[in-house]
Amino acid sequence: MDHARRLTVLRGILVFSVLSTAIHYTHNFVEIDSYPDDLVPAWMTQVAIVTAWPVLTLAALHAYRLFRDSGSSPRVHVLLGAYSIIGLSTPAHFLDGSPDVPLYADATIFTDGLAGLLVAGWVIASIRASAPVRTSVPAA
């Protein structure tokens, strides 16, 4: 896949992910009492939301800009890999019990997980696409 196509795919994944996580994490912060807190106290979750979500989202946007301007690089992959965690970790809500939230908020738990998988999948595909092609040398 060429650079322009990979950029378009990445843009779509990031738009989906940022929208999903923004809705979910905003709801999670405002309606924290609707989520079980046996594993992680509510205040700790709120601190994580106001620090981790903006930092990781900015890292993803920076990675997008780096990829747009310079192509694949280990830095792009690390930044996007770190960002994927905010989506991949969201389904962990169910480790602490079932949240008592509206259907749209419940749905964002799944869309966040999907977004995290898509970001991680894009990173893996990008690493594979940027790896040098190995050619076998015929034995003499």
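Of all residues in segment 78-105, those that are open to solvent by less than 60 Å² (accessible area, probe 1.4 Å) and assigned to a helix (DSSP H, G or I) have Cβ atoms under 6 Å from Cβ atoms of residues that are of a type outside the set (A, V, I, L, M, F, W, C) and at pLDDT below 85, 6 or more apart or on another chain, in His93/Pro99; Asp96/Pro36; Asp96/Asp38.
Got at least one residue in segment 102-118 being over 28 Å from Thr8 (Cβ atoms) and not aliphatic (A, V, I, L, M)? Within segment 102-118, one or more residues are over 28 Å from Thr8 (Cβ atoms) and not aliphatic (A, V, I, L, M). What do you reckon, is Asp106 over 20 Å from Met1 (Cβ atoms) and of a type in the set (Asp, Glu)? For Asp106, the condition - over 20 Å from Met1 (Cβ atoms) and of a type in the set (Asp, Glu) - is met. If you go through segment 60-76 and pick out every residue that is open to solvent by 20 Å² or more (accessible area, probe 1.4 Å) and either part of a helix (DSSP H, G or I) or aromatic (Phe, Trp, Tyr) (or both), you end up with 10. Would it be correct to say that Leu19 is in a loop (DSSP other than H, G, I, E, B) and either in contact with a helix residue (DSSP H, G or I) (Cβ under 9 Å, 6 or more places away or on another chain) or closer than 27 Å to Leu103 by Cβ (or both)? Answer is no for this residue.
The residue that is modelled with the highest pLDDT, counting only those in segment 1-28 that are among the hydrophobic types (A, V, I, L, M, F, W, C), closer than 23 Å to Phe94 by Cβ and open to solvent by 80 Å² or more (accessible area, probe 1.4 Å), is Leu19.
The values are calculated or read from the model by the stated rules, or taken from the named source; none is laboratory data. Because the structure is a prediction, the values reported are computed rather than measured. Quick reminder, even Gly has a Cβ in these numbers, built from the backbone with ideal geometry, and neighbours come from all protein chains shown. Ligands, DNA and RNA are excluded from the accessible area calculation, which covers all protein heavy atoms including side chains. Shrake-Rupley method; radii C 1.70, N 1.55, O 1.52, S 1.80 Å.
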